[in-house]
1. Which residue, of I288, I229, is assigned to a helix (DSSP H, G or I), of a type in the set (V, I, T) and surrounded by 17 or more Cβ atoms within 10 Å (Cβ to Cβ)?
2. Being among the charged types (D, E, K, R), assigned by TED's automatic domain parsing to the domain that holds N78 and either surrounded by 15 or more Cβ atoms within 10 Å (Cβ to Cβ) or in contact (Cβ under 8 Å) with a residue 12 or more places away in the chain (or both) narrows it down to one residue among K278, K247; which is it?
3. Within the range 266-285, work out how many residues are out of contact with any Lys or Arg (no Cβ under 9 Å at 6 or more places or on another chain) and under 22 Å from N78 (Cβ atoms).
4. Please verify whether K247 is assigned to a helix (DSSP H, G or I) and either under 16 Å from the mean Cα position of the chain (by Cα) or not polar (S, T, N, Q) (or both), treating the condition exactly as stated.
5. Listed residues G85, G152, G134; which is assigned by TED's automatic domain parsing to the domain that holds D231, touching a residue at least 24 places away in the same chain (Cβ under 8 Å) and on the phi > 0 side of the Ramachandran plot?
6. In this structure, does I308 turn out to be part of a loop (DSSP other than H, G, I, E, B), under 19 Å from P111 (Cα atoms) and in contact (Cβ under 8 Å) with a residue 12 or more places away in the chain?
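The values are calculated or read from the model by the stated rules, or taken from the named source; none is laboratory data. It should be emphasised that the depicted structure is a prediction, and the values quoted were computed from it without experimental measurement. FYI the Cβ positions are ideal-geometry reconstructions off the backbone, even for glycines, and counts take in every protein chain you see.
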Amino acid sequence: MKKRIKKSVSIGIIVAVSVFLSLSATASSLAKTQFVSIGTGGTGGVYYPYGGGVAEIWTKHVDGVKAVAEVTGASVENTKLCHKGETLFGEIMSDVAFQAYNGVDKFEGKPQKIRGMFVMYPNFFHTVALKKLGLKSVEDVKGKKVSVGAPGSGTEFMTNLILEGALGIPYSDFNVFRLSFTENANALKDRTIDVGIWCVAPPTSSIMDLATTHEVSVIPFTEAQIKKITDKYPFYSGFDLPAKTYKGQDNAILTPTVWNTFICNADLDEKLVYDLTKAVFEHQDYLIKIHPFASYTTPENAAKHSVIPLHPGAIKYLKEKGVEVPDKLIAK
């Protein structure tokens, strides 16, 4: 009987020790794991799935990192979250990046502690209305119910600069709504608004879904309007939205565009940012499966189109790939 008791005690001790070692190994593993989040946007745009793809790449291919994409109000909110170190990473439009880094205009006197990691792709400014309203020009938004973008979003930021800053169409000229991309589509369907504005990579799911049930039109800009915009804001440019991008869109539509920048907190460790940047570029093919515009996410475009200095970790990777980094992208 005593032998059985001794044997049971021995087995119990062995099990306890095994459990302790297992828990210790797990705790040690968790201690070495860095959990990070990426500020993206609403679920009806491209930021969220793109950011989700980046998070999956980092979690799978960077040792000790577990990443998640967070739904946010997009560019302006992401900038502030990154500056404060609440997310560390974010997707923002380059007009926001420029003003935030330099502490001008909307960020007057409050430069944000951010750096670029890479540029993502260009966004197209979509001014969308139901076709039966017959709106032909951006000037036609006057007196209408217009959603200028979600609060804190890059869309709303760009809308304000383009309409009021460049074209002299202040918000007081129309009834202002601030809706997300998905809310834009639903509000157009039930006529809560007349015009919805998206700044996003085309084609975007919320407009595609809307166009399957309603005839829509993307309102074009004129060459003269694009010149006014780009003369005042050189981080914008004019491009044609290709014909057939959306159902019923038979012709190319001239509209403003802006690049998107993937940012990080300026104080992040160089090796960490190097590893994360390398993982994104080396698994770009996975991002392209999520959205074809990820084909623009290249080392060359990072050096060519970034409007703010890059993080030293990102610079290190670009130089390793033989990409020349302009002096203006190296923070002093």
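1. Values: I288 fails: surrounded by 17 or more Cβ atoms within 10 Å (Cβ to Cβ).
Result of the check over I288, I229: I229.
2. Values: K247 fails: assigned by TED's automatic domain parsing to the domain that holds N78.
The match here is K278.
3. Of the residues in that region, 6 qualify.
4. Working: assigned to a helix (DSSP H, G or I): no; either under 16 Å from the mean Cα position of the chain (by Cα) or not polar (S, T, N, Q) (or both): yes.
When the stated conditions are applied, K247 does not pass them.
5. Details: G85 fails: assigned by TED's automatic domain parsing to the domain that holds D231; G134 fails: touching a residue at least 24 places away in the same chain (Cβ under 8 Å).
Sole residue among the options that is assigned by TED's automatic domain parsing to the domain that holds D231, touching a residue at least 24 places away in the same chain (Cβ under 8 Å) and on the phi > 0 side of the Ramachandran plot: G152.
6. On the way: part of a loop (DSSP other than H, G, I, E, B): yes; under 19 Å from P111 (Cα atoms): yes; in contact (Cβ under 8 Å) with a residue 12 or more places away in the chain: yes.
Yes.
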